[in-house]
Each structure stands twice: as C-alpha cells, then as structure tokens.
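Working notes, beginning with the structure itself.
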Amino acid sequence: MFRISNSSRRSIGIQSSKLNFGLSQRFISFRLPNIQSLETVKSQQSDFEGLFSNNSVNELWFKRGQSLVDGLNQSLEHSNVNSSGTEVPNNLTDLISSTIQKPEYYGIYCYSSLLYNLQFFVENLRPSETTIHKVDQADPNALLANPVFEFVNQPQDEDLKRWIIDSFGSVIEFRTLLLNSAKGIKGDGITWLVAESNNSQSTINNNFQGGKASREPQYVNLKVINTYNTGFVDDSIRSGQVNRLRQQKSARLAALRSKQLERQEKENNEKDSTTTTTTTTESTTTSEEKTIISEIEEIDEKIDELTLGSTEDADLNTLYNDKKLLPLLAIDSSPRNYLLDYGVFGKQNYLDNVWECIDWDVVAKRTPTRTQAIIGSLYM
Amino acid sequence: MKPQVRASTVLERTSHYLKVGVLKEKPAWFDVVGAHPPILDLSKKPKKIDLKQTDIDPSLKLDNDKGSVEGKFFKTRMNSTDRKQQHNAISRIPKLQFLEDELRDVFYHQHPWEFSRPKNLIENQGDEYKNLDWSHMLQFTKPLDGESVVQRTLWILTNQNNEININNNNNNNESPKITLFEAYDKARFEFYRLRMEEEMNSAVSREESTMYGAIYPSTNLEWGVKNEQEYIDLWAKIAEEKTRVLEASRERNNSTASGKSTKGGETGLEDLIDSSSIWEQNFSSDIAGAKAKSKLNDSK
Amino acid sequence: MFHRSGSRLAGRIIQTSRRSFHDVPVLKNQDQYVINGIEGLYSSHGFQSAWINYQKYLTLNLSLHTSGSENELKTPFQILLNTAKQTTEQHIFHYASQAHNNHLFMEQFIPKSEAEKTRPSRLLLERLSYQDIPDLETFRERMLLLADSSFGQGWVFLVELPNKSLKIIRCNNDGTPYYYGKNQSLDLNGGVDEGSFEYLNGLKERAKNDERDYTLPILAINCWDQAYLNDYGVTGKADYLSNLWDCINWDVINKRLFQV
C-alpha cells in the first residue's frame, strides 16, 4: 500500500485513521443519510428492481457514499475551517456555496458536491417493473440498437407534465433530450432537469423596491443541463468565475496604467523645468517598471477595436448569467453506474432503464410554483 | 438515349486497331481482358423485336431442320403496321423502375441538406451492401444517411408485414398491413433520433472537455470559412480568366453573327436540365387538385 | 498510355484506397491473459472488461462515427491529432484518444512475477533525478498520489518534453499528452482559482501563435472506471494503483525513452 504522506487539502485518504480532537470543537461531521428504498434493498438482499443489482447498490451508494462522507469529514478536519472560528454550515448546499469560490477549500467543495449530487440522484429513483432492457451485460450489438420510442413511465402530476410539454414540446421530446444529454457525457457527470428563474440572482438580491415577493426567484422555464465531475448545478453559485477573474485582472492593469500615466506626467514636468536629456530619464526607470510598461503595451496591441468578441465571450455572457437554477431531477451517467450491471456496452440500456425508474412524485414535490411568462400570456 | 454497346466490345475493337496498325503497342490490360472477356451485354433490348413473330414451337424446329429454306418467304423489311407498332409502349426499351429510387427521391427532396454531406463511393468488392443487416439502422461499415432510411424502410415493409401475417393467422383478426408511408415514417423518425443523438454527443463532448481546460484555436465555423477561402481565392483567379475568354468570344460573335448564337445556347441549356421528379409531380398535382377543390367549394 | 510503372502505381492506389474498419489490436500474450488475467493486476474477467471489451467499444465507436469520412482509414493516433482542434468532432476525438491511450497503457503490463525481473533503466532514473525525483520510490509516490487524489476519470502520464526533460502530467477525462490544447489538465467544474485562469490564458496564447507540441508519453496510468471497476470495485482505486505499479514491464518503458 502506498502511503499518502502529503497532508495537502487535496489528498484523499480512503483509509483514514481517526484523529483525536482537542477542545476546540464546534466540529461538524457528516453522515450518510438513510434512503428508504436502498435500505430495503440492503436488508432484504434483493435487487433494485429494474435498474441495479444488489451488489451495485452496495457499491454505488453504501460504499461510495461512505467513502465520500469520510473524505468530506477528513477534509474538514485538515482544513482549519473548524478552528478558524467561522461557523461551518451544517447542510451540504450551504457548505458548497460557501466553499466554491475559495480554491483553498477545494477538497471540501468536491466531496460535498459529489455527495449532494449522489444523494439527489438516488432520491429520485424508485424500483420499477416496466423495464425496457434486462439488467444484464450488454453485447457489442447494443451500440447498433434502434432508438426506443415506447416507454411507460411518465410524470403523473398534471402541472409538472404541462410545464414539461410547454418547455420541451412533448414528453418524448423531453425524454430524448434528457437521455441524449446523459449519453453524451464521457467521464463523470450528471444531467439535470432544472427550473430556471427569469432574473439573475444579483438582480433578485438588489431589488429592494418590490418588497419581499419580488425578491423570491420566479421560475418560468424548465431546462436540461449537464454538470461534469464535481460540478454543482446552481448557476447563480458557479457562474461568472472566469469573468470575475478577468475583471480582477483588467482592474489590476488599469491601476498599473494610471500609475504609468502619472509617472509620465511627472517626467514631463521635470523635463520642462530641468531640461534633462531623455537618455537620463530612461536610465532612471527601474527594470520592474519596464516590464510593466511592456506588459501594458503588449495588451494595448492586442486590443482591436474592430473585431467582435469571440464565441467564448458570447458563451460567458449568455450561458452563465447568474440565473438561479433549481434542480428537479438528476441522472448520473458516470461509467461506474452502468459498468457493474450493464457492462462496457450498456450505457444506453442503463439510461433507458433509469427513465423507467424515475420517481415522478419526488420530482413533482421538488418543483416550485410556476410563474407564467408575461410575454407568453399576452399572446395566449 | 442510344443503347451503349461499345463498352463491352472494347476487346474486339482494340484487337482490330492493333491488326490495322492504329495502335502500335498492346495496352497493359489487353491480355487480362482477353483472358476474362466482359460477359455483360450492357445493351438494353426492347421487349419484342418483331411483334408478329412468335416463338417457334421447338418440335416444329426439329422438322424444319433439313432443307427448310426452300419454298419459303422471308420478311426482309417492315411494313407500315410494323413501323407503327415499333414505337408502341411494348416495343420500347423498358424503363428500369425501383421502389428504392422513389424513396430516395422523396427523402432527398424532403432533406435537401443531406446532399451536403460528403459520400465515399469507394467499394472493395461492390457487394458490401449484401452484408448489411437492416433490422437496425446503424451500421459499422456504412455512414448514417438517406440510403439507410431507404433500406430500413424496405426492411420494415417486408418484415413487419410478415409479422402481421403470422399474427393474423393466429388471431384471425384483420389488422391493416403497414403501408409504405408508415414504414418510411418509422425509418425516418429513427433516423432523426440517431442524428439528434450524434449531434448531442458532439456538443456535450465539446462542453465537457472545455470544462476540463481544453482550448480550441478556432471554432468550426471559422475553420470552415478559412478553408473555403483558400479555394475561393484559387477559383477567383480562374474565374477571372474564364470571364475574359468568354467576353472575348462574345465580342467576336457579336461582330460576326450579331450575338444571336449565344442567346440561343442559353435557352437550349435550360431546356436540357430536367428538374421534375416524382416528389414535385405528385405534390404539384396535389396542390392543383386542392386548389380546384377549394374553387368548387367557393362556387357552391 | 499504360506503362509498367503505371500499373504498379495503380496497384498501390488500389491497396491504399481499400476501405475497412477499426479493430482491437492484439497484445503480446493476449490469449494467455484472456484465460488467466494478468497475475497481480487483473483477473481474467477484469482483463477482458478493461481491454477486450472496452477497446472493442472504442474501436467500434470509431468505425461507427468515421465510416465514409476521411478518418476511416487512419489510426486512432492520427485521428486524435486530426480532430483535436475541431470543435464539432470532439466525440470522435474522445474515442480515438481513449483507444490510443488505452493501448499505450495495456502494453506496459506483464504478470507480477515477470515484472519483478525488469528494472527502470539508468537513463530513466537519471532523467528523473533532474526533475527532483531522486529514486524510484519517490517517483512511484508522485505518480500514484496524483492519480489517486484527482476526482473523476482521467490519465496520469510521465511525458518527455522536446528538451528531453521529464514531467508528470494529469490529463482529465480523454485528455491527450500530444497537444497542449487538449491536455485537459484543469478542472474548472468547481471553483476556478487564479492559477488555472492564468494557465488557461497561457494555453490560448500558445494556440494563437500556432505553437506546436512535441511532447511524448513515456508511462501512462489509467484512472478510468473501466480499468479497475470489475476487479477492485467502486472504492478500490488505491489498491488498483498500488498493484498496477508492481506489474509494470520496465523494459517497455525504457524503450519509449529517447535514446541518444
């Protein structure tokens, strides 16, 4: 066994030894929650009907869940969050939103996000008898299989169904979009059905005039989005990170530039009064300032007034616009979920079966009240 | 079009050329083709060459074997009725008609952008299509395209109806047979689903790798425009030259024949291009029919 | 006119334009591994899943997506280079890159008892020592720690840079060591720190200048679930990595290093 001797925050020790804690303890430790359907599978030694074998449930939830919980608790210990005096949030969402912007808490963020995603996914599953494919190893011909058009499981809640049809066209169109998005993910990742608010989080926060009601996000659209690896679904939390860094950089450069301008003015004044030659002023500038000047010149060169922004800029401005997203349904399409029961070729079979196992009652409970778009109602 | 017979007689012609000295050297393929002469007669034959002449009873032929020529008349040229019937429908070379062609026609008229996908025409044996199993639309050795829809439609049409027949025998219920249109629609929707899947696959892959720090020097559109521009630049030069030639010849024509011939040429070209297809014919007649109907209704 | 040289040329054209599809390459001793697995690393079933089936999955997908296109007759390595910059062909890149990496990876292993007889060459150890890696033990720890501590799927490579120095890099998901733009060494899914942001800007700068990349992989470690889930389970990554190290055929690795 190789030892993980590095005590950095990123290290994960699966075989963690319990440390003794001193007195400073408002220490929060997390535990794996009880999910009724999975506990039954474990206690009765049965399969998760229509989706997973007993072994898979054990691996995917009990073993992996536990290792994530251990990892999270350990990261909390290692980082000095507990002793630093700040209150540690005791639920996962708050923990995620308070750590995502802080690279020094990378480990905590990752574990809490993975744990949140895993729990969210298993909670919207229920055993099902209407499976499309057998829970069995798929053969290479599964790659050629015809798309499935017939399915049984559908949202029962009328409002939710209406909303899905209004947002995606029909239930089968929604199903196709959802499962295609999930199938496209190559590594670890989750496909979500989310309710999108019409306003960005910052607008909601800043809008004091309208009283309390208008500060609540209003949900108009349903959308399907993907998150990868340890990604977290809420856009208002993760949005604009690259933008923020870019703004920081440009602010720093602007500061440098104004400094340089001042210096130039000063030099000009000096020139007027003492008529020193230019060569001497050049020699007075230190090497550090030279690099700054060259940096600024370089950037000036790059700024081209005539070209439009890149597609990347457009992406940043439109994709991550800080809108509040409320997750309703998650489908985990990471390889581990289908490798055990369905084999290398079985991703599509797994996804078709997952659809049949979606617990629409849970999804309906998670659904916020729908706000009809004002423009939409005008035309109706 | 005149039947093309010359292709299969290439060996005879070449040996003749060699004999008379038109060709000095034997072509490299000559011996090989000599050893394996083309057996296909590519010429299409009319259904009946001589209408009045029926097949001779083989038994009569036996009797006529000896000295049958004497005392008999032979017809050496066509009379007027023969000539009339020569251009009858049954005398003409039959037009080859396949259901596949009609399906292709309909599909590519509904999906004109499918033409913009490049198609590889190289085949190793020429009979690769025989190895394909159309119980599913995707094939490992063939890209997904309009042809997949056509073949899949035919498969659904034959196999689904067989299934229905079996069911009918069991139940004695009269369930309607699957029509060509239904089979085509079924195949078409499968095709759409697979295209959607591939598109999503590509989009998600890109997004995913971007989230892991992949960068792309240019987007696909920029890349395409850049590549296209290279060819456009080349073409612009050629086009410039050709325009100059064209203008020069036009001037010459103007001075000699007052420019009439070029005009005539243009109109002639338009006549040559035949843009009609089953799809358009059917629909234009449908539209005409619908219009007539609505007129009738209006008049009522 | 047909001359003799012409016909020879024609023959060559016919050969190269012959169409075919992608298939799983055969490893040395593959038949034996299928029956017995790789002692100390894979069971028979585990080997079949990680190599025979997964590689088949990748090559079949390559055939499925490149049939009739210019990439049809290319090797996965050529395809991955060909598609790395194409924004609409990233799914094809995935299958090609994975197929190439997985082949590179699987070639490295022999049963433990045989692997013990091989040693990293002095040249390799010397090169490593320039990179502040004094001995094999430190090297092992660096590689495996990086592999174990990362979240999600990916690869860890020991690569040789154009100036012949060695470097350990992590490529997330289907990242390739051959092109900096597709190394995928960052994880922007969580919080993005300034370091990653600057790194990303640096990459863009290099791409803008059309800079070429001559990095070559020497040693590959597969951190995809497909490589270990069957034998080691969802939480068995650490055990798998530890076993993997004991089965490395150093003779293969030594040969990959640039020889003067």
Restricting region C:201-211 to residues that are at the interface with another protein chain (Cβ under 7 Å from one of its Cβ atoms) and in contact with a helix residue (DSSP H, G or I) (Cβ under 8 Å, 6 or more places away or on another chain), the residue that is nearest to A:G107 (Cα to Cα): C:L203
Any residue at all in region B:219-234 that's part of a loop (DSSP other than H, G, I, E, B) and modelled with pLDDT under 90? yes
Residues in region C:121-128: is at least one within 13 Å of chain A (Cβ to nearest Cβ) and in a helix (DSSP H, G or I)? no
Starting from region B:214-225, keep only residues that are under 17 Å from C:L80 (Cβ atoms), then list their pairs with residues that are loosely packed, with under 14 Cβ neighbours inside 10 Å and basic (K, R) whose Cβ atoms are within a distance under 9 Å, requiring at least 6 positions of separation or different chains. B:P217/C:K208
Would you confirm, using the coordinates I've provided, whether B:S209 is of a type outside the set (D, E), at pLDDT below 90 and surrounded by 17 or more Cβ atoms within 10 Å (Cβ to Cβ)? no
Looking only at region A:163-176, decide whether some residue is in contact (Cβ under 8 Å) with a residue 60 or more places away in the chain and assigned to a loop (DSSP other than H, G, I, E, B). no
Being more than 19 Å from C:D132 (Cα to Cα) and of a type in the set (D, E, K, R) is the filter here; which residues of region C:158-175 pass it? C:D174
Kindly state which helices (runs of 4 or more DSSP H) lie completely within region A:33-144 and contain at least 3 residues that are in contact (Cβ under 8 Å) with a residue 60 or more places away in the chain, surrounded by 20 or more Cβ atoms within 10 Å (Cβ to Cβ) and under 21 Å from the mean Cα position of the chain (by Cα). A:106-123
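Among the candidates B:K226, B:K186, single out the residue that is surrounded by fewer than 17 Cβ atoms within 10 Å (Cβ to Cβ) and either facing another protein chain (nearest Cβ under 8 Å) or basic (K, R) (or both). Quick ask: steps written out before the conclusion?
On the way: B:K186 fails: surrounded by fewer than 17 Cβ atoms within 10 Å (Cβ to Cβ).
On inspection, the qualifying residue turns out to be B:K226.
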Residue selected from region C:1-59 under the condition within 13 Å of another protein chain (Cβ to nearest Cβ) and in contact with a Pro (Cβ under 7 Å, 6 or more places away or on another chain), by the criterion modelled with the lowest pLDDT: C:F2
So which residues in region C:68-101 are among the hydroxyl-bearing types (S, T, Y) and within 9 Å of chain B (Cβ to nearest Cβ)? C:S69, C:T87, C:T88
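Per-residue answers, yes or no, for (1) over 25 Å from C:Q48 (Cβ atoms); (2) touching a Lys or Arg at 6+ places or on another chain (Cβ under 7 Å):
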| site | (1), (2) |
| --- | --- |
| C:H65 | no, no |
| C:E70 | yes, no |
| C:K74 | yes, no |
| C:Q86 | yes, no |
| C:H94 | no, yes |
| C:H103 | no, no |
| C:F109 | no, no |
| C:K112 | no, no |
Number of the condition not met by C:S165 [criteria: (1) more than 7 Å from every other protein chain (Cβ to nearest Cβ); (2) under 22 Å from C:W250 (Cβ atoms); (3) surrounded by 18 or more Cβ atoms within 10 Å (Cβ to Cβ)]: (3)
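Would you tally the residues in region C:222-248 being part of a strand (DSSP E or B) and either surrounded by fewer than 23 Cβ atoms within 10 Å (Cβ to Cβ) or touching an Asp or Glu at 6+ places or on another chain (Cβ under 7 Å) (or both)? Don't jump to the end; show me each part of the working.
Kept after step one, since they are part of a strand (DSSP E or B), are these residues of region C:222-248: C:222, C:248.
Subsequent filtering for residues that are either surrounded by fewer than 23 Cβ atoms within 10 Å (Cβ to Cβ) or touching an Asp or Glu at 6+ places or on another chain (Cβ under 7 Å) (or both) retains C:248.
Qualifying residue count, region C:222-248: 1.
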Quick check: is even one residue across region C:64-80 touching a residue at least 24 places away in the same chain (Cβ under 8 Å), over 17 Å from B:S209 (Cβ atoms), crowded, with 23+ Cβ neighbours inside 10 Å and out of contact with any Leu (no Cβ under 8 Å at 6 or more places or on another chain)? yes
When region B:99-127 is checked residue by residue, the ones that are within 12 Å of chain C (Cβ to nearest Cβ) and farther than 20 Å from B:F191 by Cβ are B:L121, B:I122, B:E123, B:N124, B:Q125, B:G126
When you look at C:D132, is it part of a helix (DSSP H, G or I), surrounded by fewer than 15 Cβ atoms within 10 Å (Cβ to Cβ) and of a type in the set (D, E, K, R), yes or no? no
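The values are calculated or read from the model by the stated rules, or taken from the named source; none is laboratory data. What you are looking at is a predicted structure, and each value in this text was computed from that prediction instead of being measured. So basically every Cβ, Gly included, is an ideal-geometry build from the backbone, and we count neighbours across all protein chains shown.
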